[in-house]
Number of protein chains: 2
Amino acid sequence: MIRKLFPFSIFIMAFNVKAMLPLPSKAEIPKDNLQSVEKINLGKTLYFDPRLSKNGTVSCNTCHNVMLGGDDQRSVSVGVEGQKGGRSAPTVWNSAFHTVQFWDGRAKSLEEQAVGPITNPIEMGMSDFDLVIKRLSQIPGYVLMFDNVFGKNGISKENIGKAIASFERTLISGNSEFDKYMHGNKKAISAQKIRGMKLVQEIGCTACHSGVNFNGENLKMGEGNFQKFPVVENDFIKKYNLSADLGRFNVTKNEDDKNMWRVPTWRNIAITAPYFHNGAVRTLDEAVRVMAKSQLDMNLKDDQVKDIVAFLESLTGTFPRINMPRLPESTSTTVLDLE
Amino acid sequence: MIRKLFPFSIFIMAFNVKAMLPLPSKAEIPKDNLQSVEKINLGKTLYFDPRLSKNGTVSCNTCHNVMLGGDDQRSVSVGVEGQKGGRSAPTVWNSAFHTVQFWDGRAKSLEEQAVGPITNPIEMGMSDFDLVIKRLSQIPGYVLMFDNVFGKNGISKENIGKAIASFERTLISGNSEFDKYMHGNKKAISAQKIRGMKLVQEIGCTACHSGVNFNGENLKMGEGNFQKFPVVENDFIKKYNLSADLGRFNVTKNEDDKNMWRVPTWRNIAITAPYFHNGAVRTLDEAVRVMAKSQLDMNLKDDQVKDIVAFLESLTGTFPRINMPRLPESTSTTVLDLE
């Protein structure tokens, strides 16, 4: 009787355990922003151009450094004039597999996200998009590139967002040990990492951290997987000041959204320290302890932490080679204000 | 009789007019820092790594942006914590063809220059090189790269300088219109630009701006071509505050060095606005007027200025394609201090 039931139990278990999936090699492309080589190249150029900031010192790449894990390795980022932001920069790698953007999910698309920091006073600090457009219009190479991609008078806020988003959709770092394992290479991953992989399923991490980007399964673009953090009262919360920022509540002003956050990706987590929305936790092993306690009310043993960290390290991807863009020049003058 | 003398006069003239020369495709390599692919790649990696700065926000490339004309298009640069420097960032392109480095020539080599800003408190702000070495030693990829290039325990101040200098010696932007012209393509350059080329020789600009890098002829590495600026009293000096910084005097404390400066390159001058050591002059045409008045006591006509600017624009080079480096990662932790 037990034997007869066993296959059914397995079925139930497999159904309850949400899937961890390999990363697709291409991201979903929205119908209103189809890709082209020229559009991607324009987006890459803008992404690296510090002249999109008030004083010419901060580009998208400053905080979301694609030469590293797509962040800046800092607790919170530094914008123009040495100003510190309130949250830790999320990685740009695989951001195309997030269905909403920012820690609080306030942007429904990469297009919407990409233009946010440019006029944020503590990030890139431009006063408004009229100034951005005016500045880019003084650079003949940009006029040509925008017109080529978007048609005449192509420089606009909307098109800046579209171009940068198009580039970001190429920032895919698959082919991690985990991906190789899921594609059938059972030797791609060590025994310890496999123990860690089983553990995160057994204890319930994958209830939220599932899917191709470990941020939830079967999500539609524009719909976020929001979860409360922290859930369980514990000493880490005070130590790392984890509940002061009310997260999504700041966007919606809805009581139910207090301390709600978009589920962050696990991909490249080992190379995107420090951790959490405020970047207050320096190491991944401590971050694992904090999560187990704060979300699952579990005190993990050291060996369990090591196994989980080992598994998470298997999610560091392979990074495509990127040719550095040439930023188009303004001839015989600067477009920046003299200070 | 006049005819007979004519060839001789030409000879005298050619002898007095210092040569403007095409840019070699390779720079002189010092015997104690021979190049290798691995060393150049390590230098490139360090050049782009903001973790060489105190708070992880400033890399060499921040102020000497190779995606642009090798500077930051600002009057003076911004270092860690929003601090402004005292002088405008010189271009890194073709810096291998300068025989001394910095505006005041205080470094005799690229090796010596490269390590300066790292511990300068208002630039990259590291407290000392022990900390730089400690930080790089925490990044396994750097340990491997240094040991591979320099042998065991290869991470040192000297070797950081050598690697970065090796990369910088590859930053050569020849093949400008001027270079093509000098190599025999007489159509590479417009009639207006040729008028400008003749004018800068006739009025005496090339007394200083000669040679392959337009910073002096036949200079040996370590020997600078220093000239006083400004020489002639005029209204521009006050307007742009051009004599407040005493230049090389600050290095030598020698009275004769007051307001002495290394002769800057003309290469890529059209794409490295704003101008002068303090970056106070926004446009190249105004810079040409300032130089003619301050050095040669000449008030140029508008047409002359236009011709000279046109010629200077012919010195914008062709830039080699650069693959973006992957910066080696610290696994499961950050090497930066949390703030």
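The values are calculated or read from the model by the stated rules, or taken from the named source; none is laboratory data. Treat the numbers as computed from the prediction; the structure is a model and nothing was measured. Cβ sites come from the backbone with ideal geometry, for glycine too, and all protein chains shown count toward neighbours.
Since B:L246 meets every condition but one in (1) within 14 Å of another protein chain (Cβ to nearest Cβ); (2) more than 30 Å from A:R51 (Cβ to Cβ), which condition does it not meet?
(1)
Of everything in the range A:215-264, what is on the phi > 0 side of the Ramachandran plot and touching a Leu at 6+ places or on another chain (Cβ under 7 Å)? Give them in sequence order.
Hit for the range A:215-264 is A:N259, nothing else.
Assuming B:G56 fulfils every condition listed in (1) surrounded by fewer than 24 Cβ atoms within 10 Å (Cβ to Cβ); (2) within 14 Å of chain A (Cβ to nearest Cβ) apart from one, which condition is it?
Condition (1) is where B:G56 drops out.
For the range A:127-138, state whether one or more residues are closer than 28 Å to A:S332 by Cβ, touching a Phe, Trp or Tyr at 6+ places or on another chain (Cβ under 8 Å) and not small (G, A, S).
Among the residues of the range A:127-138, at least one is closer than 28 Å to A:S332 by Cβ, touching a Phe, Trp or Tyr at 6+ places or on another chain (Cβ under 8 Å) and not small (G, A, S), which makes the answer yes.
Determine the pairs where a residue that is in a loop (DSSP other than H, G, I, E, B), located within the range B:269-280, has a partner that is of a type in the set (K, R) with Cβ atoms under 8 Å apart, the partner being 6 or more residues away or on another chain.
Note: pairs meeting the criteria are B:A273/B:R282; B:P274/B:R74; B:P274/B:R282; B:H277/B:R87; B:N278/B:R87; B:G279/B:R74; B:G279/B:R87.
Of all residues in the range B:171-220, how many are small (G, A, S) and out of contact with any Ser or Thr (no Cβ under 9 Å at 6 or more places or on another chain)?
The number of residues fulfilling the criteria is 6.
For the range B:67-95, name all the residues that are at the interface with chain A (Cβ under 9 Å from one of its Cβ atoms), surrounded by 24 or more Cβ atoms within 10 Å (Cβ to Cβ) and under 23 Å from A:G79 (Cβ atoms).
Within the range B:67-95, the subset at the interface with chain A (Cβ under 9 Å from one of its Cβ atoms) is B:67-69, B:72-78, B:80-84.
Applying the additional criterion that residues be surrounded by 24 or more Cβ atoms within 10 Å (Cβ to Cβ) yields B:68-69, B:72-75, B:77-78.
Passing the criteria: B:L68, B:D72, B:Q73, B:R74, B:S75, B:S77, B:V78.
What's the number of the only condition in (1) more than 14 Å from every other protein chain (Cβ to nearest Cβ); (2) surrounded by fewer than 23 Cβ atoms within 10 Å (Cβ to Cβ) that B:A114 fails to meet?
Status for B:A114: all satisfied but (2).
Within the group A:K152, A:K162, A:K187, which residue is among the charged types (D, E, K, R) and outside the structural domain of A:T99 (by TED's automatic domain parsing)?
Going through A:K152, A:K162, A:K187 in turn, just one is among the charged types (D, E, K, R) and outside the structural domain of A:T99 (by TED's automatic domain parsing): A:K187.
Take the range A:301-339 and flag every residue that is assigned to a loop (DSSP other than H, G, I, E, B), without any contact (Cβ under 8 Å) to a residue 60 or more places away in the chain and either more than 10 Å from chain B (Cβ to nearest Cβ) or on the phi > 0 side of the Ramachandran plot (or both).
Selection gives A:K301, A:S332.
Looking only at the range B:183-191, decide whether some residue is among the hydroxyl-bearing types (S, T, Y) and more than 24 Å from B:S88 (Cα to Cα).
For the range B:183-191, residues among the hydroxyl-bearing types (S, T, Y) and more than 24 Å from B:S88 (Cα to Cα): present.
Take B:Q227 and decide whether it is within 16 Å of B:K306 (Cα to Cα) and either in contact with a Cys (Cβ under 8 Å, 6 or more places away or on another chain) or not in a strand (DSSP E or B) (or both).
No; evaluated as a whole, the condition is false for this residue.
Of the residues in the range A:66-111, how many are out of contact with any Lys or Arg (no Cβ under 7 Å at 6 or more places or on another chain), hydrophobic (A, V, I, L, M, F, W, C) and more than 22 Å from A:F226 (Cα to Cα)?
Total meeting the criteria: 2.
Residue by residue through the range A:249-290, note down the ones that are over 23 Å from A:Q101 (Cβ atoms) and facing chain B (nearest Cβ under 10 Å).
A:R282, A:T283, A:L284, A:D285, A:E286, A:V288
Give the residues of the range A:76-106 that are among the small types (G, A, S) and touching a strand residue (DSSP E or B) at 6+ places or on another chain (Cβ under 9 Å), sorted by residue number.
A:S77, A:G82, A:G85, A:S88, A:S95, A:G105
Residue check, B:N268 against (1) among the polar types (S, T, N, Q); (2) within 30 Å of B:G86 (Cα to Cα); (3) surrounded by fewer than 22 Cβ atoms within 10 Å (Cβ to Cβ), all met but one. Which one?
Status for B:N268: all satisfied but (3).
Consider A:N299 carefully, then state whether it is out of contact with any helix residue (DSSP H, G or I) (no Cβ under 9 Å at 6 or more places or on another chain) and polar (S, T, N, Q).
So A:N299 fails the test.
Give me a count of the residues in the range B:28-53 that are out of contact with any Lys or Arg (no Cβ under 7 Å at 6 or more places or on another chain), more than 9 Å from chain A (Cβ to nearest Cβ) and β-branched (V, I, T).
Selection size over the range B:28-53: 2.
It is to be established whether one or more residues within the range A:243-259 are in contact with a Pro (Cβ under 7 Å, 6 or more places away or on another chain), assigned to a loop (DSSP other than H, G, I, E, B) and hydroxyl-bearing (S, T, Y).
Yes.
How many residues does the range B:47-101 hold that are within 19 Å of B:G317 (Cα to Cα), part of a loop (DSSP other than H, G, I, E, B) and touching a Ser or Thr at 6+ places or on another chain (Cβ under 9 Å)?
Here the count works out to 14.
Can you tell me how many residues in the range A:154-209 are among the small types (G, A, S), touching a Lys or Arg at 6+ places or on another chain (Cβ under 6 Å) and either in a loop (DSSP other than H, G, I, E, B) or surrounded by fewer than 22 Cβ atoms within 10 Å (Cβ to Cβ) (or both)? If you could, list the steps in order and put the result at the bottom.
Step one: filter the range A:154-209 for residues among the small types (G, A, S), giving A:154, A:156, A:161, A:163, A:165-166, A:173-174, A:176, A:184, A:188, A:190-191, A:196, A:204, A:207.
Those left that are additionally touching a Lys or Arg at 6+ places or on another chain (Cβ under 6 Å): A:163, A:166, A:188.
If we keep only those that are either in a loop (DSSP other than H, G, I, E, B) or surrounded by fewer than 22 Cβ atoms within 10 Å (Cβ to Cβ) (or both) as well, we get A:188.
Final tally of qualifying residues: 1.
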